[in-house]
Structures are given as structure tokens and as C-alpha cells.
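Colleague: I have a structure I would like to understand better, so I am pasting it below and will then ask my questions one at a time.
The values are calculated or read from the model by the stated rules, or taken from the named source; none is laboratory data. It should be emphasised that the depicted structure is a prediction, and the values quoted were computed from it without experimental measurement. Neighbour counts are summed over all protein chains in view; Cβ atoms, including those assigned to glycine, are modelled from backbone coordinates with ideal geometry. Side chains are part of the model used for accessible areas, which takes the heavy atoms of the whole protein and leaves out ligands, DNA and RNA. Shrake-Rupley method; radii C 1.70, N 1.55, O 1.52, S 1.80 Å.
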Amino acid sequence: HRDLHSFPTRRSSDLAAYQSLLKSTRQQHHQRIADTLESQFPEIVETRPELVAHHYTEAGLSERAIPYWQTAGQRALQRSANREAVDHANRGLALLSAVPQTRELAKAELSLQLTLGGASGFVTGPQSVERVYTRACELAREVGSTRELFPALSGLAHSHMVLGHMHEARALSEEFVELARHQDDPLLLAVGHSMLAYTAWWQGDFIDVQNHSRQSLASYNPERHRAGVVPYDQNHGIVSGYLTALNNWVLGYPSQALQAMQRTLAHARELGDPNSVGISLLFSAQLSQLRRETEPAVTRAEQALEVSAEHHLPALELWCLLPRGWAVAQQGDVSAGIADIREAMDRRRRMGMGAVWPWYLAVLAEVQAMAGQLDSGLASLEEALGWVERNDERLYEAEVHRIRGELLLARGGSEAVHAESCLRQALIVAREQRAKSWELREIGRASGRERV
């Protein structure tokens, strides 16, 4: 009992004694500890490389510390400890900036940048890591191999997509696939085709989505992907799975869409990767929104929110508020639904996201109309059309025109002619995209039947 009560005092005393040592003496102690760990405690070196990294850092031996920060960051990312991974990678990069550059240290920087990009993408969103992956691409082209360029290209393409730079994302994805064709590695082809499917989805090229997601899944092997999970910040079997589901709905196969999403969610749970589970739940909720099913939209969105909170995935969390807000409004609490959607949009703006705005704004406009806010809804749709043209992001283009037409009809009077033009344009876009579900929704509206 006496020892327990005296421990804080003794600890403070030890700290004071440590701080009273000369810096050179402290550094000698840290080097002795690190050397001892390296030579006599391999299990600690294996399981806690950040401990060795810390002691070499405090000893002033930056070049010996950097590889351990690199290993610590990779291990943290593998177990989805993303904030730890960010911290470890940043510690290593800070040391690199203070030592003379060599080819070997440039290779170490490449590894640290890839770890930082992957982990930061989960914490602050893919839009936040454009600079990181741009540097990683530069390093991979200068000191890396072609295989080291692949994760840098993947991360940079995803960052461009989320920033709304669709053409840049598509070009990087095409470069990835072209390089992958010359490698004997099915994982690379799975990743590359998934990247092309992803950018095609947001551009509204639904036939390309179908083709590339099929090719990605044909090359996908969970065990091969697991071995490469550190360089690639998403499981591309999961990405291709939920894209297949969403795309099936757009093309007019709602039952196949539901089955594909159920398979993807089951696979994500088998993998046990929090990000894969969370994003599968999110897009399951989005599929329910597209199918106009409120209960599963709320349930899946709230399950995704739980995963986001438990595993500190704020970039995923704000997505979940869109399908939940739509569903809550459809169930009668329109003000709560608008609040959810606006919160998601406000947080997206603060994070600097530049994509997916047409979907958010179209859903917001639909809910605003339910609240009788027709002018606000039309303003939201005007903004959505601006994003469509500016980003060449045409996924939700047909719906933007359809909802705009319906709001103009609701205003009545002289707006009827303009409304008819919007509805006709919605039908033209849907048919050009072969988006059968949106085409049927417009035909159903025109004939007075139940919406698809």
C-alpha cells in the first residue's frame, strides 16, 4: 500500500533526475537501450518497432530510427490503427528532412509517404493526400521500381477523384492498367480495373463500370489482396463488389443489385477489415436510398456510423448522413432529414471534398421540396448542375434534371414549359447512359404510376 502511494512521487523524481542529465548522456542511454532491444529482444523489435524507433530518435541516430518508424507505420496501418500509422509515418518523415539525402533514404521516404497516404485517407479523407501521393509518384519514378509506382498511382487517382478532378483520375487509372498488363500479378489487374470502374461510376459511364468491375472481380483473390493491403488503401474486391451492386440497380436489375450488395457485405465481414465493413454498409444504405426503401437505409446508415465511430473513420462517417437524412425525411421527420444532409455537406466542405456534390444536392432538393422549400430546392439543383458540368461528374445528372422538372411543376404557372424541358432532358440523359432505372422512374412519373 505504501509503495503504491509513493509511486507517483518516485516517478516524478526519476523524471527530474533524467532531465538533469546532460543531453549527450541521455542520448547514450537511449542508444544503449535501442542497441540492447535490437540484439537481445527480437520479439519486441518485431511487435513494437516504434519503441526502438523512439530510442534511436532520442539518441540522435535518425538514420537508424527511420526504418523502425517505417515498419511501425506499416504495422499500424495493417491493423487499421490509422491515427497511429499517421503519427509514425510523420515521425519518420520529420527525421528524413533533417539528414543528408541518399538513394536508400529516398526509398524509405517512398514507403513512409505511401503509409501516410493510406492512413490519412481513412482519417481525413482521400482529398487530403494529393500532395502526399504526388510526392510518392515522383519518388517511385526516381528511385523505385514499376511495382512501387502502382500504389502511388492508385492513391493519387483516388485523391483526384474525391477532389472532383475526374479526367485526371481517369488518366491515372488508365496508366495503372496499361502498366499492370505487363506484370504477372492478378492483384494489379484487379486494382486497376476497379480504379477504372470507380471513376467511370462517378462519370456516369455505366457500361464501363459493368465491364471493369467484372474484370476486377475476375482477377480478385482475397489472400493476394491481403498481402498487399498496406500499399492500397482500399480492398478492391469490396470496391468492385459494391460498384457492381449499385450499377446493377442503375442498369435496371434491382434484385441482382441487392444480391450483389449482400455478397459484398458478407465478404467484408469475413475479412474483418473495419473500413471494408463500414463502406459496404454505407453503400448498402445508398442502394436502399436508390431503391426508395427507408427502413434498410436508416438501419445500414446507422450501422456504418457505429463502425465509423468505433474505428475513427470520420471521412466515412459524414457519408452516412446522406442516406439516413433522406430516409428520415421520407418517414416524416423532414427537418431532421434536412439537418442530417446539411451537416454532411458542411463537414464535406470543411474537409475540402470536391466530388459527389450532384448526389448530395439532388437529394437535398428532393427533401427541401417535401418541406415546401421550392425556391431553396431549385437553388440546390442549379448548384448541382454546375458541379455536373465543372467536374464532368454525370452519375446523378438524370436525377438532377428530373427533380428540377418536378419542382418547377409544383410551382405551377408559367414554369410548366420549362418543367417539361427538364423532364425531357432527364429522359434523354438516362437513355444515353442506358440507366434503365432512372429512365423507368421518369416514364413512371409521366404516366402517373408508382416510381421505380
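Colleague: Is it true that some residue in the stretch 388-408 is in a helix (DSSP H, G or I), hydrophobic (A, V, I, L, M, F, W, C), more than 30 Å from the chain's Cα centre (by Cα) and under 28 Å from V298 (Cβ atoms)? Walk me through it before giving the result.
Modeller: Residues of the stretch 388-408 in a helix (DSSP H, G or I): 388-391, 397-408.
Still in the running and hydrophobic (A, V, I, L, M, F, W, C): 388, 398, 400, 403, 407-408.
Now restrict to residues that are more than 30 Å from the chain's Cα centre (by Cα): 407-408.
Filter again for under 28 Å from V298 (Cβ atoms), leaving 407.
Checking the stretch 388-408: at least one residue is in a helix (DSSP H, G or I), hydrophobic (A, V, I, L, M, F, W, C), more than 30 Å from the chain's Cα centre (by Cα) and under 28 Å from V298 (Cβ atoms).
Colleague: Then there's this: Please state which of the following conditions P42 fails to meet, knowing it meets all the rest: (1) crowded, with 17+ Cβ neighbours inside 10 Å; (2) more than 23 Å from T124 (Cβ to Cβ).
Modeller: Against the list (1) crowded, with 17+ Cβ neighbours inside 10 Å; (2) more than 23 Å from T124 (Cβ to Cβ), P42 comes up short only on (1).
Colleague: Oh, and also: Of the residues in the stretch 189-209, how many are surrounded by fewer than 24 Cβ atoms within 10 Å (Cβ to Cβ) and more than 18 Å from G164 (Cβ to Cβ)?
Modeller: Qualifying residue count for the region: 4.
Colleague: Moving on to the next point. Sort out which residues of the stretch 60-117 are over 23 Å from T146 (Cα atoms), among the basic types (K, R) and part of a helix (DSSP H, G or I), and write them in order of number.
Modeller: Residues satisfying the conditions are R64, R75, R83, R91.
Colleague: Restricting to the stretch 300-314, give me the number of residues that are touching a residue at least 12 places away in the same chain (Cβ under 8 Å), in a helix (DSSP H, G or I) and open to solvent by 10 Å² or more (accessible area, probe 1.4 Å). It would help to see each step written out before you state the result.
Modeller: At the first step, the residues of the stretch 300-314 found to be touching a residue at least 12 places away in the same chain (Cβ under 8 Å) are 300-305, 307-308, 310-314.
Add one more test, that the residue is in a helix (DSSP H, G or I), and what stays is 300-305, 307-308, 310, 314.
Those still in the list that are open to solvent by 10 Å² or more (accessible area, probe 1.4 Å) too: 300, 302-303, 305, 307, 310, 314.
Number satisfying all stated conditions: 7.
Colleague: Kindly establish whether G252 is at pLDDT 90 or above and open to solvent by less than 10 Å² (accessible area, probe 1.4 Å). Explain how you work it out, then say what you get.
Modeller: Numbers: at pLDDT 90 or above: yes; open to solvent by less than 10 Å² (accessible area, probe 1.4 Å): no.
Spelling it out, it is not the case that G252 is at pLDDT 90 or above and open to solvent by less than 10 Å² (accessible area, probe 1.4 Å).
Residue-wise test of (1) of a type outside the set (S, T, Y); (2) open to solvent by 40 Å² or more (accessible area, probe 1.4 Å).
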{"site": "P274", "(1), (2)": "yes, no"}
{"site": "I279", "(1), (2)": "yes, no"}
{"site": "V298", "(1), (2)": "yes, no"}
{"site": "E317", "(1), (2)": "yes, yes"}
{"site": "C320", "(1), (2)": "yes, no"}
{"site": "S335", "(1), (2)": "no, yes"}
{"site": "R348", "(1), (2)": "yes, no"}
{"site": "G354", "(1), (2)": "yes, no"}
{"site": "W359", "(1), (2)": "yes, no"}
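Colleague: Go through the residues of the stretch 19-34 one by one and say whether even a single one is open to solvent by less than 70 Å² (accessible area, probe 1.4 Å), within 30 Å of L156 (Cα to Cα), at pLDDT 90 or above and not hydrophobic (A, V, I, L, M, F, W, C).
Modeller: Scanning the stretch 19-34 turns up no residue that is open to solvent by less than 70 Å² (accessible area, probe 1.4 Å), within 30 Å of L156 (Cα to Cα), at pLDDT 90 or above and not hydrophobic (A, V, I, L, M, F, W, C).
Colleague: Given the structure, is E130 among the charged types (D, E, K, R) and under 15 Å from the mean Cα position of the chain (by Cα)? If you could, list the steps in order and put the result at the bottom.
Modeller: Working: among the charged types (D, E, K, R): yes; under 15 Å from the mean Cα position of the chain (by Cα): yes.
Yes; evaluated as a whole, the condition is true for this residue.
Colleague: Does the stretch 134-149 contain at least one residue that is under 20 Å from the mean Cα position of the chain (by Cα), open to solvent by 30 Å² or more (accessible area, probe 1.4 Å) and charged (D, E, K, R)?
Modeller: yes
Colleague: Looking at (1) modelled with pLDDT of 85 or more; (2) farther than 20 Å from Q368 by Cα, which is the only condition G444 fails?
Modeller: (1)
Colleague: Considering the stretch 424-435 alone, what residues qualify as being in a loop (DSSP other than H, G, I, E, B) and open to solvent by 20 Å² or more (accessible area, probe 1.4 Å)? Please lay out each step first, then the result.
Modeller: Our first condition is that a residue be in a loop (DSSP other than H, G, I, E, B); within the stretch 424-435, this holds for 434-435.
Result: R434, single match.
Colleague: Restricting attention to the stretch 381-423, report how many residues are open to solvent by less than 30 Å² (accessible area, probe 1.4 Å) and without any contact (Cβ under 8 Å) to a residue 12 or more places away in the chain.
Modeller: Going through the stretch 381-423 one residue at a time, the tally reaches 2.
Colleague: Quick one: which residue in Y396, Y360 is hydroxyl-bearing (S, T, Y) and closer than 22 Å to G278 by Cα? Full working, then the answer.
Modeller: Numbers: Y396 fails: closer than 22 Å to G278 by Cα.
Exactly one of Y396, Y360 is hydroxyl-bearing (S, T, Y) and closer than 22 Å to G278 by Cα, namely Y360.
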